[in-house]
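One structure is given here, and the rest of the page talks about it.
The values are calculated or read from the model by the stated rules, or taken from the named source; none is laboratory data. Because the structure is a prediction, the values reported are computed rather than measured. Please note: Cβ atoms are built from the backbone with ideal geometry, for glycine as well, and neighbour counts cover all protein chains shown.
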Amino acid sequence: MPEHADREVMDERNRLAMQVVEDLAAAGLPVVSEISPTYQSGVEVTVDPLADEQGGVYVTWRTHEILRRQAVYGECPPEIAEARADYWHTAMATMAETLRGLLAAAGFEAGHYAGDFHTNTVRVTGRTGAPPVG
């Protein structure tokens, strides 16, 4: 089982994640809360606690639950299932590119994360510039 990152590393990741949340919220994007994530849509920021090279801060877009269910689980009439899946994939890819652009503009080091099941996830590894938000 992989080891968890030490406290100092986790404190830095959590600080970076909070900066990401604040800057994306300042840009007007809704941020998904851990309180009731099932029916929320918007930016989801997570911190990977592991001490391996994949550990860090990850940002992804959550579409609304209705579209997720239609596209991912096929909970819609068969004649529109392919169109809904295509729409979901387009929304996810478009928002991933938008998030990368916004994060870069805010001074973050943000790139595409090529994980197994997370093709539209952005990985934030640090901040190179001064924050545009106070």
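Kindly establish whether residue 59 is free of Cβ contacts under 8 Å to residues at least 60 places away in the same chain and surrounded by 13 or more Cβ atoms within 10 Å (Cβ to Cβ).
No: the conditions fail for residue 59.
Scan the stretch 1-28 for residues that are closer than 18 Å to residue 54 by Cα and not in a helix (DSSP H, G or I) and report the count.
Final tally of qualifying residues: 6.
(1) at pLDDT 90 or above; (2) farther than 23 Å from residue 9 by Cβ: which one isn't true of residue 119, the others all being true?
Every listed condition holds for residue 119 apart from (1).
Please enumerate the residues belonging to the stretch 29-55 that are at pLDDT 80 or above, outside any loop (DSSP other than H, G, I, E, B) and more than 27 Å from residue 3 (Cβ to Cβ).
Of everything in the stretch 29-55, those that are at pLDDT 80 or above, outside any loop (DSSP other than H, G, I, E, B) and more than 27 Å from residue 3 (Cβ to Cβ) turn out to be 31, 42, 43.
Just the residues that are surrounded by 18 or more Cβ atoms within 10 Å (Cβ to Cβ) and over 25 Å from residue 48 (Cβ atoms), please, taken from the stretch 72-110.
Of everything in the stretch 72-110, just one residue is surrounded by 18 or more Cβ atoms within 10 Å (Cβ to Cβ) and over 25 Å from residue 48 (Cβ atoms), namely 84.
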